[in-house]
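A quick write-up on the structure given underneath.
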Amino acid sequence: MSIVLSKVGAVFIPVRDIKEAREWYCSILGLEPTFEIIAGHLCCIPLDNNGLNLVLDSKIYDEDSYFRHPAFHFNTNDIHKAYQFLKDLKVELVTDIEHGHWFNFKDPDGNMLMICKC
């Protein structure tokens, strides 16, 4: 038995502007952008009831730090509605829906993200 738990607690995303990033991520997740900004550069957005957080961090951002490939994916029950939802929000869609299960898109800082049908 290891003292290191086989559980991810947070995913860090480098962002340029912490307030703008908080607004954008909350808008695509359907959350109110009321999460506290900590130390002027961090914002923790809870993603589920199991303790997983999305941590937006403007201190770790530089022109080379953004995700060029998705490091994780957001789940959806309806890939077509999710695609249309982001399209309506004018999010930069990078791929069409692939194999009926997933697509990639970018956040305003150029981070590559994915939505996948669960």
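The values are calculated or read from the model by the stated rules, or taken from the named source; none is laboratory data. Please read these numbers as outputs of a predicted model, since none were measured by experiment. Note: ideal-geometry Cβ built from the backbone for every residue, glycine included; neighbour counts use all protein chains shown.
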Scanning the stretch 21-57 for residues that are over 18 Å from Ile115 (Cα atoms) and polar (S, T, N, Q), which turns out modelled with the highest pLDDT?
Thr34
Expected single match for touching a residue at least 24 places away in the same chain (Cβ under 8 Å), aliphatic (A, V, I, L, M) and over 23 Å from Cys118 (Cα atoms) among Ile13, Ile18 is Ile18
Which condition number does Ile38 fail, the rest of (1) touching a residue at least 60 places away in the same chain (Cβ under 8 Å); (2) in the same structural domain as Ala21 (by TED's automatic domain parsing) being met?
(1)
Looking at (1) among the hydrophobic types (A, V, I, L, M, F, W, C); (2) assigned to a helix (DSSP H, G or I); (3) outside the structural domain of Met114 (by TED's automatic domain parsing), which one does Ile45 not meet, given that it meets all the others?
(2)
From Leu29, Leu56, Leu93, which residue is within 11 Å of Asp107 (Cβ to Cβ) and touching a Phe, Trp or Tyr at 6+ places or on another chain (Cβ under 9 Å)?
Leu56
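Matching residues to (1) of a type in the set (Val, Ile, Thr); (2) surrounded by 14 or more Cβ atoms within 10 Å (Cβ to Cβ):
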residue	(1), (2)
Asn50	no, no
Asn53	no, yes
Asp64	no, no
Asn77	no, no
Lys81	no, no
Val91	yes, yes
